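Step one of this worksheet: look at the structure below.
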Amino acid sequence: MTATKGYAVHNATDHLAPFDFERREPNPHDVQFEILYCGVCHSDIHQVRNEWQNSIYPMVPGHEIVGRVTKVGSEVTKFKEGDLAGVGCLVDSCQECSNCKKGLEQYCKNGSVGTYNGYEKDGKTVTYGGYSKQIVVREEFVVKVSDKLPLEAVAPLLCAGITTYSPLRHWKIGEGHKVAVVGLGGLGHMAVKFAVAFGAEVTMLSTSPSKQEDARRLGAHKFALTKDPEQMKQLTGYFDFIIDTVSAPHDYNAYLSLLDTDGAMVCVGAPPTPAEILVFSLLGNRRTLAGSAIGGIPETQEMLDYCAEHNITSDVEVIDMAYINEAYERMLKNDVKYRFVIDMATL
Ligand code: NAP
Ligand code: ZN
């Protein structure tokens with residue numbers, strides 16, 4: 001076992017604070033790497049505060065991890081010491097079920113293992129995430145990171161990136177599609193970048209008037225303030241596809257009404273409480289309401305390679321580890337442009 005420094009909470013009202021724990025030595029199929037940067041996802045806040053009612057404490061959050069390989073197990077073929085590497089939201093799955101075989105490890109029929117707030121396949125070892133100095137992960141769940149892009153701006157691709165890339169690809173979004181992105185935060189700003197890169201006409205739907213200029217800079221062609229009923233009314237039946245990244249409870253019906261015939265709205269934002277859906281919001285225009293969770297490992301690698309090729313990264317504010325509690329407060333006030341990333345050298 002290796003002594004490892006991290007930041008953890010011990011209960012739902014705790015602040016993140018220094019925490020010492022141990023990681024296993026690499027098994028033959030494991031990759032060990034030093035964490036250089038870790039992005040801060042709103043899912044970290046949901047789980048730290050037990051908003052999804054499934055928290056395991058102590059909890060070391062963090063699932064947007066990039067770093068440099070320090071040691072590999074004897075059977076590892078994909079990585080060697082010194083390589084750049086990334087880990088997202090998953091660290092294990094059965095590798096045998098029909099979904100794992102299709103590269104949809106996030107939907108593993110026997111249960112995938114989350115990077116933190118989960119149990120390893122032994123059913124008892126708690127997983128600890130990326131707010132820490134180093135991590136040990138089986139090779140199949142480690143992805144290759146290009147040295148062409150700034151590492152701190154790559155880290156958020158491991159969750160915010162893949163979570164928005166995957167549904168846009170699954171629904172084959174491209175030229176000729178009118179796409180709306182709801183919520184301009186970590187996921188939202190990546191959704192805008194990808195939808196624009198894929199050739200769609202993109203409209204940002206936001207509650208924050210102050211984000212209009214940024215939305216344009218990120219590539220959005222249009223911007224509408226969702227609090228303004230007049231602007232919303234003008235967009236009735238306009239979109240082919242809506243990706244909803246909102247972290248807090250909100251009215252889905254208002255957005256569904258903006259879909260054109262056979263349009264789909266995909267929820268990736270994960271507010272903790274149930275929402276009321278009026279069936280009539282779906283009947284008209286034969287609309288679809290769907291969800292999507294992160295992405296599998298092959299698609300995560302595809303997304304990273306796509307980003308390296310097309311020079312796509314996250315817009316980040318790099319912070320010291322000790323700033324994390326303040327960063328959470330700012331995220332809850334929608335005050336982030338557009339992803340906090342922890343510089344692990346400060347831990
Ligand atoms: P974030 O950076 O905090 O951004 C969320 C954005 O939602 C805010 O910036 C804000 O944008 C908008 N928003 C917040 N409260 C709102 C409200 N009451 N009504 C309408 N809009 C509101 O969060 P994130 O890291 O992007 O994560 C977003 C959500 O996705 C979280 O629930 C997270 O858990 C979830 N998530 C899901 C997956 C998945 O696999 N499906 C993966 C990662 C994260 P405006 O200021 O523009 O309105
Ligand atoms: Zn996340």
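Ignoring aspartates and glutamates fewer than eight residues from residue 233 along the same chain, the ones with Cα atoms less than 20 angstrom from its Cα are 201, 244, 251, 260, 262. In a fully extended conformation the segment linking residue 75 and residue 282 would gain 69.4 nm over its present Cα-Cα distance, using 0.36 nm per residue.
Assuming a ≥ b ≥ c are the square roots of the Cα gyration tensor eigenvalues, decide whether segment 5-105 counts as rounded (a/c under 1.5), prolate (otherwise, with a/b larger than b/c) or oblate. Oblate, since a/c reaches 1.5 and b/c is not below a/b. Using Cα atoms only, what is the angle between the long axis of helix 160-170 and the major principal axis of the chain, expressed in degrees (0 to 90) to the nearest 10? So the helix axis and the longest Cα principal axis differ by about 60 degrees. Taking packing as the residue-averaged number of other Cβ atoms within 10 angstrom, the listed peptides 34-42, 156-164, 294-302 run from highest to lowest as 156-164, 34-42, 294-302.
Here the Gaussian network model covers the chain, with springs between Cα atoms less than 10 Å apart; of 126, 48, 76, 76 fluctuates the most.
Pop the C-beta distance of residue 325 and residue 231 into the FRET formula with R0 = 41 Å and round what comes out to the nearest 0.05. So the FRET efficiency works out to roughly 0.70. Residues whose amide H comes within less than 5 Å of that of residue 138, counting only those at least five positions distant or on another chain, are 31 (H built at 1.01 Å from N in the peptide plane). With a Förster radius of 45 Å applied to the beta-carbon distance between residue 251 and residue 175, the computed FRET efficiency rounds to 0.90. Seen against the Cα atoms of the chain and their longest principal axis, helix 297-310 is set at about 70 degrees. Sorting 249-257, 93-101 by average packing, meaning the other beta carbons within 10 Å per residue, from highest down gives 249-257, 93-101.
The aspartates and glutamates within cross-link reach of residue 78, meaning a Cα-to-Cα straight distance under 12 Å and a gap of 8 or more places when in the same chain, are 30, 139, 140. Between residue 317 and residue 2, the contour length at 0.36 nm per residue exceeds the alpha carbon distance by 110.4 nm.
Shape class of segment 261-344 from the alpha-carbon gyration tensor: oblate, with a/c at 1.5 or above and b/c at least as large as a/b. Considering helices alone, the calculated mean residue ellipticity of the chain at 222 nm is -6000 deg cm²/dmol, with DSSP H runs of length four and up weighted by -39500 (n - 2.57) and normalised per residue. Enter the angle in degrees (range 0 to 90, nearest 10) between the Cα long axis of helix 186-197 and the first principal axis of the Cα atoms of the chain, meaning the one along which they spread out most. Roughly 70 degrees between the two axes. When both bridge partners sit in the chain, DSSP labels roughly 55% of those beta bridges antiparallel. Amide hydrogen proximity for residue 93: with H placed 1.01 Å from N in the peptide plane, the residues at 5 or more positions away or on another chain lying under 5 Å are 113. Determine the shape class of the chain: with a ≥ b ≥ c the square roots of the Cα gyration tensor eigenvalues, call it rounded for a/c under 1.5, and otherwise prolate if a/b is greater than b/c, oblate otherwise. Prolate, since a/c reaches 1.5 and a/b exceeds b/c. Distance from the C-alpha centroid of segment 270-326 to that of segment 1-74: 21 Å, rounded to the whole angstrom.
Which residues in segment 255-292 place their backbone N less than 12 Å from a point set 7 Å from the Cα of residue 221 along the Cα-to-Cβ direction? In segment 255-292, the label zone of residue 221 (backbone N under 12 Å from the point 7 Å along Cα→Cβ) covers no residue.
Every number here is computed from the coordinates shown, using simple stated rules; none is lab data. Predicted model, so just to flag it, every value in this text is computed and none were measured. Backbone-built Cβ (ideal geometry, glycine too); neighbour counts: all protein chains shown.
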